[in-house]
Amino acid sequence: MNNHLAAQPISFLGLQPHVSRDELKERLVRFGEGGDNRITELSLGYRTRLGTGWDIPAGVLHAPASVCTYEPQAASDVLCMCESWSNNREVPDELLWKDTPADRIGDLDYILDLLDWERNVDPDFVSHRQLIPYETKESIAAADPGYVEKWIVYKSPSFSAKELTVSPGATVEITDTDAYGAIVIQGYGTFGVHQAAAATVIRFGALTQDEFFASEDAARGGVRVTNLSGTEPMVILKHFGPGNSSLT
């Protein structure tokens, strides 16, 4: 999905450990003055490494790179955008104050209080927040070489995710301890008793065969996945809710 990394293949995450609250507030003051408040100068930029990711809890500043990403998230209905210039466009003031109570609009200390300061300035930000995929113990132990499964999201208490890759022509039965949602992002075949295929061109109102849900009973009993292609891997991303028992 990312054969081209576009104009900004760098993610700015958190703040440099020495940054003070006053320094950040000064950048927010600039927001209302027009132009670029250059808030990313207080952050650190990380070059995109395809196939890896980051755990970014609520309250951690982030400006993601210009790539297609898979983002399991905890439900939220609030937004505060602290960068006044993004993707060569000015960000309107209302996005800074979008979900601020009416009596606190204009109060920059209220915005600063939204931040998880300890996590933003964590000197060990990379080791605590970076996600490097690793193969599940079931995948390592499986005698059948027809699939590889990796943990790709595993540091959040609110959700987790795996990437399942089924080899061309293979049929595998995959068990999990918890219910999950699944989305097919490459290839075609069957998922349980259902036809499955990655979506390509989707027209308005058209149905697709790329999204599924496996109940806990179905997951524990095993879901049979068949890759009907003779040449292309079938890749499925599986997202779990809070407290996955395989991780706890």
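Points to keep in mind about this one:
- All positions within the range 4-32 that are among the small types (Gly, Ala, Ser) and either within 19 Å of Val91 (Cβ to Cβ) or assigned to a helix (DSSP H, G or I) (or both): Ala6, Ala7, Ser11, Gly32
- Applying the condition of being crowded, with 17+ Cβ neighbours inside 10 Å and modelled with pLDDT of 95 or more to the range 16-35 and asking which residue is farthest from Ala63 (Cα to Cα) yields Val19.
Quick grid of which residues meet (1) closer than 18 Å to Tyr70 by Cβ; (2) in contact with an Asp or Glu (Cβ under 6 Å, 6 or more places away or on another chain):
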{"position": "Asp144", "(1), (2)": "no, no"}
{"position": "Tyr154", "(1), (2)": "yes, no"}
{"position": "Ser158", "(1), (2)": "yes, no"}
{"position": "Ala161", "(1), (2)": "yes, no"}
{"position": "Gly181", "(1), (2)": "yes, no"}
{"position": "Tyr188", "(1), (2)": "no, no"}
{"position": "His194", "(1), (2)": "no, no"}
{"position": "Ala199", "(1), (2)": "yes, yes"}
{"position": "Gln209", "(1), (2)": "no, no"}
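- Criterion violated by Leu13 - all others in (1) open to solvent by 50 Å² or more (accessible area, probe 1.4 Å); (2) in contact with a His (Cβ under 7 Å, 6 or more places away or on another chain) satisfied: (1)
- Matching residues, the range 196-248, being more than 22 Å from Ser156 (Cβ to Cβ), assigned to a helix (DSSP H, G or I) and either touching a residue at least 12 places away in the same chain (Cβ under 8 Å) or open to solvent by less than 30 Å² (accessible area, probe 1.4 Å) (or both): Ala218, Arg220, Gly221
- Subset tally (residues that are over 23 Å from the mean Cα position of the chain (by Cα) and either closer than 17 Å to Tyr134 by Cα or crowded, with 19+ Cβ neighbours inside 10 Å (or both)) for the range 175-195: 2
- Unmet requirement for Ala58, which otherwise passes all of (1) surrounded by 14 or more Cβ atoms within 10 Å (Cβ to Cβ); (2) more than 30 Å from Thr165 (Cα to Cα): (1)
- Residues that are on the phi < 0 side of the Ramachandran plot, under 14 Å from the mean Cα position of the chain (by Cα) and either open to solvent by less than 50 Å² (accessible area, probe 1.4 Å) or not aliphatic (A, V, I, L, M) (or both) within the range 41-55 comprise Thr48, Arg49, Thr52, Gly53, Trp54, Asp55, listed in sequence order.
- Search result, residues across the range 39-64 that are touching a residue at least 40 places away in the same chain (Cβ under 8 Å), of a type outside the set (Gly, Ala, Ser) and either under 20 Å from Trp151 (Cβ atoms) or in a loop (DSSP other than H, G, I, E, B) (or both): Thr48, Leu50, Thr52, Trp54, Asp55, Ile56, Pro57, Val60, Leu61, Pro64
- Among the residues of the range 50-77, those that are of a type in the set (S, T, N, Q) and under 17 Å from Phe159 (Cα atoms) comprise Thr52, Thr69, Gln73, Ser76.
The values are calculated or read from the model by the stated rules, or taken from the named source; none is laboratory data. This structure is a prediction, so every number in the text was calculated from the model and none was measured. Note: ideal-geometry Cβ built from the backbone for every residue, glycine included; neighbour counts use all protein chains shown. Protein only, heavy atoms only, side chains kept; ligands, DNA and RNA dropped before computing areas. Shrake-Rupley method; radii C 1.70, N 1.55, O 1.52, S 1.80 Å.
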